[in-house]
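To keep things clear, I will list the structure first and then write my remarks on it.
Any read-out appearing in this document is the output of simple, stated calculations on the displayed coordinates, not a laboratory observation. Please read these numbers as outputs of a predicted model, since none were measured by experiment. All Cβ positions, even for glycine, are placed from backbone atoms using ideal geometry, and neighbour counts span all protein chains on display.
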Amino acid sequence: MKVEPITVGAFQVNTYLLTDEATGHAAVVDTGETDELPRRLLARDPVPDVKMILLTHAHLDHAGALPALQAAFDVPTYMPRKEQPLFDTLPVQAQMFGVPMPPLQCGRIDHRADDGDTVQLGETTLRFLSTPGHTPGQGCWHDDHDIVVGDTLFKGSIGRTDFPMSDPQLMVDSLRRLLALPGHLRVWSGHGPVTTLDDELRTNPFLGFLRRERGIAGPPGFRWAPGT
Ligand SMILES: [Zn+2]
């Protein structure tokens, strides 16, 4: 699978174009908050053969442009099931940030993903890992080489857990489960550069608790939630 980050919008969010190389079938992960992503995709020659839209979570910068993206690519759309309450607040989020969005037009969700669910992109199987904490339903999409993590994990940091629907305690457990995946996985975050699970496990200051739990050498890091 080819992974291409496409950084868009005022929040410089990383959206992703995932392409199954055997078939050319593509998935778009996340949307930005404006029509920049669909405009850039439609301007390509050839236009990517988009078969599905996958959301990591329903913050404005990740899901706000779903109506515009679906207007360009009318394809099945998958969202983490537990993200529905936050998804329903998208018009309010848009209002808060002054982003124009017609009221109550959040876009269409066709499938709700639960932990362990898989979707087939050409010959590539993508698996959904539920990693709540930053938001109620935040999740990651991955194959055996690459994982798109949204705002769960960044190079040298983690997603904020001080938002109204965040839960630091859930984040602790989600990071434990995420970092239990094979360390060679390339980590494609919602903001910032690519990294790997191994690099973060060894150096990320928010993962000191995991290093202690597993006896891995590295910096002690921050205590940012009970148990860390
Ligand atoms: Zn977010």
Residue set 186, 176; condition surrounded by 15 or more Cβ atoms within 10 Å (Cβ to Cβ), away from the ligand (no atom under 16 Å from the Cβ) and in contact (Cβ under 8 Å) with a residue 60 or more places away in the chain; output residue 186
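Yes/no matrix, rows are residues, columns are (1) within 12 Å of the ligand (Cβ to nearest atom); (2) in contact (Cβ under 8 Å) with a residue 24 or more places away in the chain; (3) part of a helix (DSSP H, G or I):
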| site | (1), (2), (3) |
| --- | --- |
| 61 | yes, yes, yes |
| 67 | no, yes, yes |
| 79 | no, yes, no |
| 83 | yes, yes, yes |
| 86 | yes, yes, yes |
| 99 | no, yes, no |
| 107 | no, yes, no |
Only residues that are surrounded by fewer than 18 Cβ atoms within 10 Å (Cβ to Cβ) and assigned to a strand (DSSP E or B): list them for segment 155-173, please. 157
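Can you name the residue in segment 137-154 that is assigned to a loop (DSSP other than H, G, I, E, B) and away from the ligand (no atom under 16 Å from the Cβ) and is also nearest to the chain's Cα centre (by Cα) among such residues? Step through it out loud before you land on a result.
Looking only at segment 137-154, we keep the residues that are assigned to a loop (DSSP other than H, G, I, E, B), and these are 137-138, 143-145, 151-152.
Filter again for away from the ligand (no atom under 16 Å from the Cβ), leaving 143-145.
Details: 143: 14, 144: 17, 145: 16 Å.
That would be 143.
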Cβ pairs under 8 Å, 6+ apart or interchain, first in segment 143-168 and within 22 Å of residue 222 (Cα to Cα), second part of a loop (DSSP other than H, G, I, E, B) and among the aliphatic types (A, V, I, L, M), ordered by first then second residue, are 155/194; 161/225; 168/225
Pairs, please: C-beta under 9 Å, at least 6 apart or cross-chain, first residue over 17 Å from residue 206 (Cα atoms) and in segment 127-142, second aromatic (Phe, Trp, Tyr) and assigned to a loop (DSSP other than H, G, I, E, B)? 135/163
